[in-house]
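Some notes on the structure that comes next.
The values are calculated or read from the model by the stated rules, or taken from the named source; none is laboratory data. This structure is a prediction, so every number in the text was calculated from the model and none was measured. Every residue, glycine among them, receives a Cβ derived from its backbone with ideal geometry; neighbour counts consider all protein chains shown. These area figures cover heavy atoms from the full protein model, side chains too; ligands, DNA and RNA do not enter into them. Shrake-Rupley method; radii C 1.70, N 1.55, O 1.52, S 1.80 Å.
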Amino acid sequence: MKLNLNIQPLSSWVKVTHEPLIISGPCSAETEEQLVATAHLLKATGKVSVLRAGIWKPRTRPGEFEGIGSIGLQWLNRAKQETGLPIAVEVATAKHVEEALAAGVDILWIGARSTVNPFTVQEIADALKGVDIPVMVKNPINPDLSLWIGALERINQAGITKLAAIHRGFSSFEKSAFRNEPMWDLAISLKTLVPDLPIINDPSHICGNRELLPFISQKALDLDMQGLMIESHIDPSVAWTDAKQQVTPSALSEMIDGFVLRKPESKNPEFTDKLASLREKIDKLDDQIFTKLGERMKIVEQIGEFKRDNDVTILQVSRWDEILHKRTAYGSVLKLEKEFTEKILELIHSESIRKQTAIMNTKATLS
Ligand code: PEP
Ligand code: MN
C-alpha cells in the first residue's frame, strides 16, 4: 500500500549548506544571549543548515520550565538576522502558528505530545490553511504509525506540501539505554508507505544522553534518513531543559566530522552486477525457506489431525522446550543470535498452534 500525500522535495524548502542536513539549536531558548551566542557558534561550524529552539515547551509535569514564550520569537529573529540561518520552532496551538508566522519563522514543527492528539493537530492544520510554510511532524509519543500518518495527512490536507516527518523515538514500558526507543521499523514502514516523504532523525530525544548520539545518528544516516535534528547548547551543564542530551556546538561539529556518508546506490557497473547476483542468491534461499515452511505446516496439520483423533492436547510444553533448546543451540553454531532464533521459532510455533486449533475444532472426516 502507498499513501497519497502531495509532497515537495526537501531541496525545495531547505538549503543544505553541508551534508548531511543538520538542524540544531538549544532544546529551549532560555535567554537572548544564550540563544544568539549558540546560533553564532553553530553557524561558525559551517555544518548547520537550520537553527532550532523551543519557546513553547509542552512539559510532562507542571512546574517544569514551560518555555520562554513569545519573546523568544524576537530572539530567534535576531539570531536569524545575524547568522543568516533559517529558524525553526515548535508550535502546539493555532495562536503559536499565527505568532510564529508573524515573526518570520521559516519552518514549524509539531512536537510528539501534540501529534498524539488529532484535535491539536487539526487546530494547527486549520491555522495553516492558505499558508506556504514547511512543517515537520514528530512521531507521536506512543508507537502508533497511524497517528503519525494521520497527523501528516491533516497537515497535508491543509495545503502544506513542504512536509517532513521527524523520528524522535517512542515511549516504552520497558526500560532501556534509550530515553525513547527508536523502533526503527516504524520509521521504515513510514518510508515504505510514503517514499517521497523526507524523514529527519532526532537522536537527541531518542538517546536522552550525549554518549549515544553518534551511534544513533550514524544508524539513521545508514537507514537513508534525510537529516538530523540535534540539540545544542552553549553550556549544556546549565541547560534549563534536556541538559543531559545537549552538546556544545564544537562537540556537535566534531561528531559530524565522524559521520560516514553512504549513498543509497552506486552507479559503478561492477558493484551493480555483484549486488544483483547476491540478491539472486538471497531470492533463491528465501524461496527455499518458504517451501520448507509450507512443508512443515503440512506436517503440522497431519499432527493436528492425529492429536484430534486421539484426544491429545495441542500443546505439550516439554516438546516446545525441546524444539527451542535444540534449535537455539543449532542456531548459535550457525552464528545466529539467540533472540533472532527464538523470535522465528515463536512465530512458527504460534502459527502451528493456530492451525492445529482450527483442525481440533473441525470434525474428523468420516472415511
Ligand atoms: C523538543 O524538540 O525539544 C521536544 C520537546 O521534542 P519532542 O516533542 O520530541 O519531545
Ligand atoms: Mn528537548
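Applying the set (1) more than 16 Å from ligand 2 (Cβ to nearest atom); (2) surrounded by fewer than 24 Cβ atoms within 10 Å (Cβ to Cβ); (3) not aliphatic (A, V, I, L, M) to Gly227 leaves exactly one unmet item: (2).
Per-residue answers, yes or no, for (1) crowded, with 16+ Cβ neighbours inside 10 Å; (2) away from ligand 2 (no atom under 16 Å from the Cβ); (3) outside the structural domain of His205 (by TED's automatic domain parsing); (4) hydrophobic (A, V, I, L, M, F, W, C):
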| position | (1), (2), (3), (4) |
| --- | --- |
| Lys2 | no, yes, yes, no |
| Thr38 | yes, no, no, no |
| Leu41 | yes, yes, no, yes |
| Ala53 | yes, no, no, yes |
| Gly67 | yes, no, no, no |
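Number of residues in the range 255-276 that are within 27 Å of the chain's Cα centre (by Cα) and loosely packed, with under 13 Cβ neighbours inside 10 Å equals 9. For the range 237-287, the set of residues classified as aromatic (Phe, Trp, Tyr) and either over 30 Å from Gly67 (Cβ atoms) or not assigned by TED's automatic domain parsing to the domain that holds Glu30 (or both) consists of Phe259, Phe271, listed by residue number.
For the range 57-65, indicate whether the set of residues that are outside any helix (DSSP H, G or I) and open to solvent by less than 10 Å² (accessible area, probe 1.4 Å) is non-empty.
No, because not a single residue in the range 57-65 is outside any helix (DSSP H, G or I) and open to solvent by less than 10 Å² (accessible area, probe 1.4 Å).
Within the range 3-37, the set of residues being more than 14 Å from ligand 1 (Cβ to nearest atom) and under 21 Å from Gly258 (Cβ atoms) comprises Val16, Thr17, His18, Glu19, Pro20, Leu21, Ile22. Examine the range 245-252 for a residue that is open to solvent by 90 Å² or more (accessible area, probe 1.4 Å) and either modelled with pLDDT of 95 or more or not aliphatic (A, V, I, L, M) (or both), and state whether such a residue exists. No; the residues of the range 245-252 include none that is open to solvent by 90 Å² or more (accessible area, probe 1.4 Å) and either modelled with pLDDT of 95 or more or not aliphatic (A, V, I, L, M) (or both).
Yes or no: Phe178 of a type in the set (Phe, Trp, Tyr) and modelled with pLDDT under 95?
The answer is no for Phe178.
Given the criterion away from ligand 1 (no atom under 16 Å from the Cβ) and over 30 Å from Ala164 (Cβ atoms), identify the matching residue among Val260, Val238. Unique residue meeting the criteria: Val238.
Annotation: Gly130 fulfils all but one of (1) open to solvent by 50 Å² or more (accessible area, probe 1.4 Å); (2) in contact (Cβ under 8 Å) with a residue 40 or more places away in the chain; the unmet one is (2). Here the condition is being within 16 Å of Pro26 (Cβ to Cβ) and open to solvent by 10 Å² or more (accessible area, probe 1.4 Å); of Asn77, Asn117, it holds for Asn77 alone. I'd like to check something: does the range 181-190 contain any residue that is open to solvent by less than 10 Å² (accessible area, probe 1.4 Å) and within 14 Å of ligand 1 (Cβ to nearest atom)? Scanning the range 181-190 turns up at least one residue that is open to solvent by less than 10 Å² (accessible area, probe 1.4 Å) and within 14 Å of ligand 1 (Cβ to nearest atom).
For the structure I just gave you, tell me whether Ser204 is over 18 Å from Met136 (Cα atoms), hydroxyl-bearing (Ser, Thr, Tyr) and either open to solvent by 50 Å² or more (accessible area, probe 1.4 Å) or modelled with pLDDT of 95 or more (or both).
Here the answer is no, as Ser204 does not meet what is asked.
Within the range 211-224, the residues that satisfy the criterion of being over 14 Å from the mean Cα position of the chain (by Cα) and either among the aliphatic types (A, V, I, L, M) or within 13 Å of ligand 2 (Cβ to nearest atom) (or both) are Leu212, Leu213.
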